[in-house]
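Supplied in structure tokens, the structure appears directly below.
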Amino acid sequence: MSDKLQIALAEGDGIGSEITQACLTAFEAAGCFEHIEFVPVEMGSRVFDAGDTRGMTDSAIDTIERLGLLYKGPMGTPIGGGGKSINVTLRKTLGAFANLRHFQSLPGVETVYSQAGVPVDFYVVRENVEDTYGGVEYRLTNDVVDCKRIITAPGCDQVHRYAFEAAKAFGIDRVTCGHKANIMKMTDGMFLDRFRQTARDYADIQTEDVIIDALCMNLVLKPQSYKMVVLPNLQGDIVSDLAAGLVGGLGFAPSANIGEKVSIFEAVHGTAPDIAGQNKANPTSLLLSGLILLRHIGMQKQAATIENALIYTLESGVHTGDVRGEKEPVGTAEFARAVADNLGKTPSERYAREVPAQDTPNFTPPERPRVNRMMRTYETLTSAIVGCDIYIETLLAPHDLAQRLEMICANTPFKLTMMSSRGTQVWPTGSVYTEVVDYYRARFELRDKAMTGRVGQQAPIFLFEKVGEKFDVASFQILKEFEGKRGFSLAQGQ
Ligand code: NAI
């Protein structure tokens, strides 16, 4: 067996093979293949077409799990039908919990900021597995659908720790947490709280937090004021594309999906079917992702050397057709050749990277776990049941419904304390101007606070059954306190 570090390689669809070949040209010229070798794996449209809705073969998954590293080109997702996005499936099933993207102004890529002389150079770390991307959605009534937003303490800890570690490795001295904890006090609140907890282990790094809407405005007004931003999944998805817009589009934004065991390095753009097979595609995004891969495995020297050559090439006006420039555009292969020929050259001071000495991989492929790892953050909290929310499908007016529910719960440990529609309280107080839909939340809480800790889950389940005898119940949630603190949000207006 080879003693080189092996990396799974999926060229991808459309322009995938052209841009991958271009990147391999640069890697080869920089001497990377003395230490690493790529192992091709089968993924993408050919596998979808063969009827596998995962878009990847068992042997591809096996190789990626064994090697812990995947370098991939863009893959087409079948529109409609059963095929799911390979990217999302890979990130989620292999636990690649952090998405790292680097947004920097590049020479030759004109933007409003480059014209104004405003340098843009920052990273976004996006949580990659949880949040609404859990994809847990239901149609509850004729008119109501629901999406569960799952945020976990261990999930937050993983992504925050990665952001701080990456900041340390890149010499970044400030990390910003973006969130919406003023509104989503429990989910975003936990994301922010775990950020603050994790920050305690990184005393040399300054921290700040900013509400997501203000962050978006600030990024447009003064992008130079950010260095690394860590965000929950959906907010991170949106901010990543906003950030790509600041530096000239997705074509220049590299991406890495980092996991405890498996990490995936890919271009952000798609398969560009309109220019596939024409030697027109720009390999820059995939090459920059490859540089994150080289740095991830410890080949710092080759990464910096190739980055300097790439920037030097762009500065000298060599560009592919998607970039405006004074010179005639060159093809994908010619662009790669130019980068290879410029290895060892140094770009202008603003862009030049110091070339570290470290040039051999220090990455150890993962050991296959026997079972799924159980992650824990809060191992010893005590909790107690204090009530339940029962979601009811009905066209009754709030007061009529409340009257009936009060009768149903009369001989149980619970009393009706609140009803809401779409999260806004409509009973016992509220406004008749609040428009309601066919779906109410009825909150029942212990009549006697002294019963806290003495009521098991049978009591709310019994109440649920009793309500279910009279009404269509759409869903159910047990309410708990954790260490005496409310483990549920209040309704708007409560
Ligand atoms: P796209 O990114 O493939 O193309 C959008 C436009 O940008 C096209 O005009 C294309 O020619 C251009 N473009 C993209 N990459 C380029 C490059 N490297 N050099 C020069 N021009 C480039 O997005 P689209 O058309 O929405 O998606 C096409 C396919 O790609 C779909 O099947 C989609 O599912 C898939 N896709 C895959 C991704 C991935 O694997 N990471 C990400 C996004 C889309």
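Extension gain residue 482-residue 196, at 0.36 nm per residue separation less the Cα-Cα distance, in nm?
101.0 nm
I'd like the FRET efficiency for residue 382 and residue 42, computed as 1/(1 + (r/R0)^6) with the beta carbon distance as r and R0 of 51 Å, rounded to 0.05.
0.50
With label points built 7 Å along Cα→Cβ from the Cα atoms of residue 462 and residue 50, find their separation and express it in nm.
5.8 nm
Counting only heavy atoms of the protein chains, get the accessible area per residue of the chain (1.4 Å probe) and round it to a whole Å² value.
Accessible area per residue: 48 Å².
So, one more: Give the relative contact order (percent, whole number) for the chain; include only Cα pairs under 8 Å separated by 6+ residues.
Across the chain, relative contact order equals 16 percent.
Under a Cβ-Cβ cut-off of 12 Å, what is the net charge of the residues other than residue 38 that fall near it, where Lys and Arg count +1 and Asp and Glu count -1?
-1
Keeping all protein chains in place and using 1.4 angstrom, which order do 324, 196, 295 fall into by accessible surface area, from largest down?
Correct descending sequence by accessible area is 324, 196, 295.
Residues with beta-carbon under 13 Å from that of residue 369, excluding residue 369: net charge, scoring Lys, Arg +1 and Asp, Glu -1?
Here the charged neighbours net out to +2.
Still on this model: Let me have the 222 nm mean residue ellipticity of the chain computed from DSSP H runs of 4+ only, each contributing -39500 (n - 2.57), with the sum over all residues rounded to the nearest 500.
That comes out to -10000 deg cm²/dmol.
How many nm is it between the label spots at residue 143 and residue 234, if each spot is 7 Å from the Cα in line with the beta carbon?
2.1 nm
Which order do 482, 488 take when ranked by solvent-accessible area (1.4 Å probe, heavy atoms of all protein chains), largest first?
482, 488
In the range 383-486, carbon and sulfur make up what percent of the accessible area (probe 1.4 Å)?
Reported share for carbon and sulfur atoms: 50 percent.
How far, in degrees from 0 to 90, does helix 187-199 lean away from the longest principal axis of the Cα atoms of the chain, to the nearest 10?
With both axes taken from Cα atoms, the answer is about 50 degrees.
Moving on. Take 269, 399, 319 and sort them by solvent-accessible surface of the protein heavy atoms, 1.4 Å probe, largest at the top.
The most accessible residue leads, giving 399, 269, 319.
Oh, and also: Counting only protein heavy atoms and using a 1.4 Å probe, what share of the accessible area of the range 5-341 belongs to carbon plus sulfur, as a whole percent?
51 percent
Among the lysines, which have Cα under 21 Å from the Cα of residue 227 when same-chain residues fewer than 8 positions away are ignored?
Correct list for residue 227: 168, 180.
Within 15 Å, Cβ to Cβ, of residue 223, how many net charges do the neighbouring residues add up to if Lys/Arg are +1 and Asp/Glu are -1?
Its environment carries a net charge of +2.
When DSSP beta bridges are limited to those with both residues in the chain, what percentage is antiparallel, rounded to the nearest 5?
Around 65 percent antiparallel, to the nearest 5.
So what's the angle, to the nearest 10 degrees on a 0 to 90 scale, between helix 398-408 and the longest Cα principal axis of the chain?
70 degrees
Another question about this same structure. Can you send over the solvent-accessible area of residue 327, 1.4 Å probe, protein chains only, in Å² to the nearest 10?
Rounded to the nearest 10, that gives 110 Å².
Do you know the relative contact order of the range 157-211, to the nearest whole percent, from alpha carbon pairs under 8 angstrom that are 6+ apart?
It comes to 46 percent, rounded to a whole number.
So how far apart, in nm, are the two label points at residue 208 and residue 368 if each is 7 Å from Cα heading toward Cβ?
4.8 nm
Sticking with this one: Across the range 261-419, how many lysine pairs separated by 8 or more positions, or lying on different chains, have Cα atoms within less than 30 Å?
For the range 261-419, the number of qualifying lysine pairs is 6.
Please compute the length gained on full extension between residue 327 and residue 431, using 0.36 nm multiplied by the number of residues separating them and subtracting their Cα-Cα distance.
30.8 nm
Can I ask one more? Can you give me the Kirkwood hydrodynamic radius for the chain, using every pair of distinct Cα atoms, in Å to one decimal?
25.4 Å
What percent do you get for the relative contact order of the range 188-334 when only Cα pairs under 8 Å and 6+ apart count?
Taking the mean separation of contacting Cα pairs over the length of the range 188-334, I get 15 percent.
The values are calculated or read from the model by the stated rules, or taken from the named source; none is laboratory data. Since the structure is predicted, the reported quantities are computational estimates derived from the model, not experimental observations. No Cβ is skipped: glycine too gets one built from the backbone with ideal geometry, and neighbour counts run over all protein chains shown. We work out accessible area using only protein heavy atoms, side chains counted, and drop any ligands, DNA or RNA first. Shrake-Rupley method; radii C 1.70, N 1.55, O 1.52, S 1.80 Å.
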